[in-house]
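A short write-up of the structure that comes next.
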Amino acid sequence: MSVSDPPVTGDSAVEQPAAAKAETARPRARSRSAAVGENAPAKRQGRSATAPARREKLKVASLATLMEVVATYLPEADQARIRDAYRLSDEAHLGQFRSSGEPYICHPIAVAEICAGWKLDSESIMAALLHDTLEDSGVHKGDLVARFGSDVAELVDGLSKIERIAFSSRELQQAESFRKMLLAMARDVRVILIKLADRLHNMQTLDAVSPDRRHRIATETLDIYAPIASRLGLYQVYNDLLDLSFKHQHPMRYRVLNKALQAARGNRREVLARILDGVQRALPEAGINAEIISREKSIYGIHRKMKEKSLSFSQVLDIFGFRVIVDTVPQCYLAMGALHATFKPVPGRFKDYIAIPKLNNYQSLHTTLAGPFGTPVEFQIRTREMQRIAESGVAAHWLYKAEEESFSDLQKLTHRWLQSLLDIQSNTGDALEFIEHVKVDLFPDAVYVFTPRGEIRALPRGATVVDYAYSVHTDIGNQAVSANINNEEAALRTELQNGDVVEVLTDAEAKPNPTWLNFVRTAKARSEIRHYLRTMEYGDSVKLGRRMLEHALGAVQVDISVVDPAKLDQAVRDAGVKNLEELHADIGVGKRLAQVEARALALRIAGKPTPAMLIPQLAPMMIRGNESGAVSYAPCCNPVPGDPIVGHLRGAHGLIVHWRRCKTAQRNRDKDRDRWIDVQWANEPGTLFRSEIELVVHSERGVLGKVAAEISAGDGNIVNVSMEEDASATGLMSFAVQVRDRVHLAQLLRRLRGIPEVRKVSRRH
């Protein structure tokens, strides 16, 4: 996924070809002065000699209009600094055009106008004007520090892409750029506010680029930037980004739905007028002074509802609604009562986000009423402060201060989330893994659970007991062994539901299980588990890496025990690590390939390739079963001793052992053959191994007990069980059991086939 747009998208300048640039530079400078200068009218636009002309119904940005907004809340001294930032940006972008044909300076001015609309401080406005200068125009960070101060320079640097570093892939470069921006945001939330303004203007002017790029940028916006806007409570920006993304992803669908929406406005005008008339009478009679605003569901929201619920446009009944704005929280509930007395409420369609706010501190009462002719209409009831937060989130009451006690409730929530990004970063070394964690944490839906003391905790939908435990404290997550949910015992993988009261039981001797990574949903839990496994099992990784490297060195006929220590130490440092132990650890967790490192070491030591280096003969590596977290067994096939196996070196996950005929392994081996190695079981593996079996049974009373007793009698250990029944009195049982090897598993299966109620037994790969 792209996290930094190429110049043609408008995130950065589009430089003219040399001939065209020479031909148009002087006239263009004059045109820009007329178009965007301090005293210029806002109508005229510059045009590019090469970019296609385009006419959009968008207000053309100018310094004059920007300064009109800024003058309403900033002192003259700050206004002078903003003009100075404009002059540098104007000079830096001289000769640069957007793909629409506009002078490039129009873009940073437009971004600054959006930020000024949020009443951000002068440093933010200046950074918005300068946000592309480090990337596109040769301006250095030191220049910004000297001229505007370190705050502005840091903001601009946090917004700049990483383009001057060599990366192994475009995907990694994009991930690094996005990680840089998020970490800068964690230190200063103004970074993401400016970036969202930047992205919003780019989406508004995206028609000038090619359809493929429009689709890619729209997808990136939908996946990353819109969820961040929602998480920060910037609902107006969130909805605008959703609609614009949908427009560029699916232009035909957008046009069809937009046309249908225009028609629906006329068809439902009479109904909505009667509802509004009833509300305007009912609220004053109840002594409530309220502002009533009509609202309309976004086109993307209509499309999403149609898709999720398989509805036609005519079946989406909450396209139009009303927002009731009152002065106090008690008046919200009084207004709801008055509305329910006027129109009948639709059962099951009431949500109280005032008592339990959303993750981004959004608060409102939502209720759906049956209006005239039975038409359901949604009402949102909130205070004026809630309305400001709903529209502009963190930016609604901007007070940028370092002391947490000066923050609003929303800013405190945002501050905690941003700080969690720093925690995740400290536990994550890989940029792609970091982005994966952040995306997991951007779920718009949530479940609300209670601690035993009655405190509310919000978690992403699908979160488990382990997620909850880590949200309370890292040590509780690391030592969790089971839980009580609503005073009933529950497993750690149990998904939490709204209203659950959760108590986590811990054991000081317990430690995180690698299998938890298969079901946790929050970024914090995932990063903490991986951090613990990497830290506490470092010794295991070193041991495994040593075995793998020695095994690979043997294939190229190198015995490092007889190599001169100084020569070996130099060869290891040339590999980019501090010492041999660090190299072993990297190999053990899968960051490096033993075969590649062995050949490189052998070449550095010998000085020239030998025949053995050119055609290495690798014997299978032995798997003993006691390698701890450095070796894991693929949950897709659950191999046990006796099965033919193959090993996959997956980055930061160590060695993953698959059954050789596993479909997942067969599919992935063709994609990345260098990371697959031959392995085989040692003669006597020293542990038990998980396997999964399925039974089709005749559902009679006590059959589960019979099956469990037979497994226990066969010396099998049950670790998980589930059962499904159908109308024909046939049940499907699934057991996860621990066995010694394939022979032991076969003995268990024979015992189970002897139970009269069991119709079929099979092992699940």
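A few notes on this one:
- Region 290-301 - residue that is at pLDDT 85 or above and part of a helix (DSSP H, G or I) and, of those, farthest from the chain's Cα centre (by Cα): I299
- Search result, residues across region 327-362 that are part of a helix (DSSP H, G or I) and either of a type in the set (V, I, T) or within 27 Å of the chain's Cα centre (by Cα) (or both): V329, T342
- Residue in region 578-589 that is assigned to a loop (DSSP other than H, G, I, E, B) and at pLDDT 80 or above present: yes
- Contact annotation: residue pairs with Cβ atoms under 8 Å, 6 or more positions apart or on different chains, pairing a residue in region 492-505 that is hydroxyl-bearing (S, T, Y) with a partner that is not in a loop (DSSP other than H, G, I, E, B), are T494/T464; T494/V465; T494/A483; T494/I485.
- Boolean, V237 is part of a helix (DSSP H, G or I), hydrophobic (A, V, I, L, M, F, W, C) and surrounded by fewer than 22 Cβ atoms within 10 Å (Cβ to Cβ): no
- Test: residue in region 84-97 that is open to solvent by 50 Å² or more (accessible area, probe 1.4 Å) and assigned to a helix (DSSP H, G or I): yes
- The residue list S150, S160, S245, S210 contains one member that is of a type in the set (G, A, S) and modelled with pLDDT under 85, which is S160.
- Yes/no for Y73 being open to solvent by 10 Å² or more (accessible area, probe 1.4 Å) and closer than 29 Å to I389 by Cα: yes
- Of the residues making up region 242-272, those that are hydrophobic (A, V, I, L, M, F, W, C) and either farther than 30 Å from G374 by Cβ or surrounded by 12 or more Cβ atoms within 10 Å (Cβ to Cβ) (or both) are L242, L244, F246, M252, V256, L257, A260, L261, A264, V271, L272.
- Checking each residue in region 193-251 for being β-branched (V, I, T) and closer than 24 Å to C106 by Cβ picks out I194, T205, V209, I217, T221, V237.
The values are calculated or read from the model by the stated rules, or taken from the named source; none is laboratory data. Because the structure is a prediction, the values reported are computed rather than measured. In this analysis, Cβ positions are derived from the backbone assuming ideal geometry, glycine residues included, and neighbour counts consider all displayed protein chains. Heavy atoms of the whole protein, side chains included, go into the accessibility calculation; ligands, DNA and RNA do not. Shrake-Rupley method; radii C 1.70, N 1.55, O 1.52, S 1.80 Å.
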